[in-house]
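Presented below is the structure to which this report refers.
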Amino acid sequence: MTAVETCGTGWDRLHDILLNIKPGDTITPDDLVAQTGLSPEMVRTVLEALTRAELFERTETGVFIRRSLWGPPIS
């Protein structure tokens, strides 16, 4: 398996995980790193972008919560 195939596999796993997270579900960067094999920096970048897009909220403890597109923020 080449480096590109390995990276693609991690991205595919990340894609599948993020698509299956429902509003109110939580995930940590460490969980995603362990499940995908992607680097902590890459996972953090993705989660921060999703937070800016208001799809996730970050708690003070570093846990990310999936937001609903139709409801108020989860607090």
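Every number in this text was worked out from the coordinates using simple rules, so none of it is lab data. In this text the structure is predicted, and so the values were computed from the model without any measurement. No Cβ is skipped: glycine too gets one built from the backbone with ideal geometry, and neighbour counts run over all protein chains shown.
A few remarks follow.
- Extension gain, residue 53 back to residue 34 (0.36 nm per residue minus Cα-Cα distance, nm): 4.4 nm
- Remark: the range 54-59, residue by residue, has Karplus-estimated 3J(HN,Hα) of 6, 8, 9, 10, 9, 8 Hz, where x stands for each Gly or Pro and the curve is 6.51 cos²θ - 1.76 cosθ + 1.60 at θ = phi - 60°.
- Residues whose amide H lies under 5 Å from that of residue 56, counting only those 5 or more places away or on a different chain, are 51, 67; hydrogens are built 1.01 Å from N in the peptide plane.
- Loop-located GluC sites (Glu not before Pro) in the range 11-75 whose Cβ has at most 14 other Cβ within 10 Å (DSSP): 54, 60
- In the range 18-75, the inverse of the mean reciprocal separation of distinct Cα atoms equals 11.5 Å; this is its Kirkwood hydrodynamic radius.
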